[in-house]
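Participant: Below is a structure I'd like to ask you about.
The values are calculated or read from the model by the stated rules, or taken from the named source; none is laboratory data. Owing to the predicted nature of the structure, the values given are computational and were not obtained by experimental measurement. Cβ placement follows ideal geometry from the backbone for every residue including glycine, while neighbour counts extend to all protein chains displayed. Protein only, heavy atoms only, side chains kept; ligands, DNA and RNA dropped before computing areas. Shrake-Rupley method; radii C 1.70, N 1.55, O 1.52, S 1.80 Å.
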Amino acid sequence: MLAETICSAASAAGLGIAAISAYRKRFLTAARIAAYALVPLGLVMTGAVDWIADTAFSPVAWAGFGVLGAAWLLFLSTRAVERRRAGRPQGVGGAAPGAVAPAASAPARAVTAKPQAADRSAGEDFSDIEAILKKHGI
């Protein structure tokens, strides 16, 4: 009963602060504060506060949280083992570590040499850039 009263009072105070923010023409802030203020009231109305209060004092519930934590740790550890094994070669049932692809055939097209710097067009004169770099000691 005390938790419901505290949550209702917190919601009322938050809505009051939201009203003051709206009065000061800060409507976006007022809407955000109102949203946060309505959360405790919603939790009381749905019965979540009673459930939380019952759960906090129940040893069976805490044992259940322990089991969930153990399952979570088990999932994390198996995931870590999978990541470690990802870089290693497969043993039985996988490809042999020394397997080599068959010999490649000749290229489908002829490979040409890359164009040399002498093939630049006449419009690319870098002498002014070189002068600026020399001026600054670069």
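Participant: Work out, step by step, the length gained on full extension between L15 and M1: first 0.36 nm times the residue separation, then minus their alpha carbon distance; give nm to one decimal.
Facilitator: Computed gain between L15 and M1 is 2.9 nm.
Participant: Once phi is turned into θ = phi - 60°, what whole-Hz ³J(HN,Hα) does the Karplus curve with 6.51, -1.76 and 1.60 give for every residue of segment 25-36, x standing for Gly and Pro?
Facilitator: Listing the rounded values in order: 6, 10, 5, 5, 5, 5, 5, 5, 5, 4, 5, 5 Hz.
Participant: Further question: With a cut-off of 8 Å between alpha carbons and a minimum separation of six or more residues, what is the relative contact order of segment 2-96 in percent?
Facilitator: 21 percent
Participant: If you don't mind, another one. Say a paramagnetic label sat at a point 7 Å from the Cα of A53, along Cα to Cβ; which residues of segment 3-17 have their backbone N under 11 Å from it?
Facilitator: Hits in segment 3-17 for A53 at 11 Å: 3-7.
Participant: Can you compute 3J(HN,Hα) from phi for each residue in segment 73-80, using the Karplus curve 6.51 cos²θ - 1.76 cosθ + 1.60 with θ = phi - 60°, rounded to whole Hz and x for Gly and Pro?
Facilitator: Coupling constants for segment 73-80: 5, 5, 4, 5, 5, 5, 5, 5 Hz.
Participant: Follow-up question, since we're still on this one. Hey, if we sort F57, F126 by accessible area with the 1.4 Å probe, largest down, what's the order?
Facilitator: F57, F126
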